[in-house]
Structures are given as structure tokens and as C-alpha cells.
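Colleague: Can you read through this structure? Questions will come right after.
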Amino acid sequence: MNRIRTYTVSLTAITMCLAVASVPAENTEQRRQGAHVHGMAHMTLAAEGDKVLIELTSPAASLIGFERAPRTDDERATLALAKENLEAGDAMIRLNIEAGCRLETAEIDAEFADAGQGRKAEHAHEHDADHGEDGHADFVVRYSFACDRPEALGSAALGIFSGFPALERVLFQYVTAEGQGGAELTPRAPVVTFVPL
């Protein structure tokens, strides 16, 4: 079943997300590597009132194994399955049950995800390659949750590692009513506890 794909953000939430970007990462070398590192994704969480907004940014290669418009039926099927999995935001990131949060919206942006691009996109990719473009493509996924007891929001567990085995780590940053922080999450350590700084 398809979920509604609209996404609205308040000015305060945008400010909170920008504040998250200024939180120092545990390893400054990772921040210098840039956003596009295969096997690594970035996730931010901003909680405001009863809303929790989450944004995931990942290289396409980490999620689907390629960074161009799909060319074969198998690649199109891989892309469709990845989108279907990502739309199930409450399976990709599980907020602690005491907060009573439920997924309201999921929005997926991938530069080549439009099946209508076909040959035109392929030609553009070849043209870009001829001119030295790196051809990197990212997925940006935005989730909005509503929580019955936002004051109980205390942790999150990433289920995304199960569906996307090429993803090795997620640099996670958060802002909640209790404070802000960050962590590096991996398949062996997929849980972050929100603690005030």
C-alpha cells in the first residue's frame, strides 16, 4: 500500500535540523570525507512537540548497488524494492515504543528514480561522463512521525541495516527537547540513546 508522499516542515523544525548539522561528529575525519562515501549514510532526527522529522542521505550505491538510471529489468526491480523498503519508515528506524510514535509520511528523492527517464537519462549520464562529471547519485529520504508521548522519546534503533547490507555505518545526529548529540551506528551497534549534552 502506498503512503501519502507529502512532507511539510515548520520553520522551527528546519532551524532544529540546521542546528543538528552543527553538532560535532565523534570523528571529525568522517565529516571531512563529505556526504558521499559508499557504505556510509547520514541521518538527522529533529523532535518538535509531538512531531519527529528524520532525514536520511545515502549514496545510491550503498542502497541499490549502482548510481545511474537503471538499465535492466533486474536493476529496475532492485530500485523498486529499495523504494518500497524505504517507504516503510517505521521499519527503517524504530523509535522507542514508550513514545507511541507512528509514521505519517515518507518521501524519497533519488535523482534517477523516475522510470520515465529511460534513454534520455542514459544519454545525459554518458554526456556527463565525457565531461568528467563524477556521476554520484544520492537518495534523500524524509520521514515524519507523530508521537502520542513525545516526552518518552529516548532512543532509536536502525532497521535499515537489515534491508541494505552494503550499508556499513550511519552517522546519526539528533535534536530533541532534552538536548542534542550524535553517534556512529553500525549493524552490530544499531541503537542510539538520546541523552542531553
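Since every read-out is calculated from the coordinates, none of them should be taken as a lab result. If you're wondering where the values come from, they're calculated on a predicted model, not measured in any experiment. No Cβ is skipped: glycine too gets one built from the backbone with ideal geometry, and neighbour counts run over all protein chains shown.
Colleague: Using the alpha-carbon centroid of each, what span in Å lies between the range 47-112 and the range 162-197?
Modeller: Using only Cα atoms to place each centre, the spacing works out to 16 Å.
Colleague: Further question on the same structure: Treat each spin label as a single point 7 Å out from the Cα along the C-beta direction, and report the GLU184 to ARG76 distance in nm.
Modeller: The modelled label-to-label distance comes out at 4.0 nm.
Colleague: Here's something else I'd like to know. Could you derive backbone 3J(HN,Hα) for the range 60-73 from the dihedral phi with the Karplus parameters 6.51, -1.76 and 1.60 (θ = phi - 60°), listing whole Hz in sequence and x where the residue is Gly or Pro?
Modeller: Per-residue couplings from phi come out as 4, 4, 6, 9, 10, x, 8, 10, 8, 4, x, 10, 10, 4 Hz.
Colleague: In addition: Spin-label point model (7 Å from Cα, Cβ direction): what's the GLU111 to ASP148 distance in nm?
Modeller: Distance between the two pseudo-spin positions: 4.3 nm.
Colleague: When the Karplus curve 6.51 cos²θ - 1.76 cosθ + 1.60 is applied with θ = phi - 60°, which whole-Hz ³J(HN,Hα) does each residue of the range 39-51 get, with x for Gly and Pro?
Modeller: Computed from phi, the couplings for the range 39-51 are x, 10, 10, 10, 9, 10, 10, 10, 10, 9, x, 8, 9 Hz.
Colleague: What list of ³J(HN,Hα) values in whole Hz, one per residue of the range 187-194 in order, does the Karplus curve 6.51 cos²θ - 1.76 cosθ + 1.60 (θ = phi - 60°) give from phi, with Gly and Pro shown as x?
Modeller: After applying 6.51 cos²θ - 1.76 cosθ + 1.60, I find x, 7, 9, x, 10, 10, 9, 7 Hz.
Colleague: Amide H neighbours of ALA41 under 5 Å, at least 5 residues apart or on other chains, H built in the peptide plane: list them.
Modeller: Excluding prolines and chain starts, which carry no amide H, the hits are ARG169, VAL170, LEU171.
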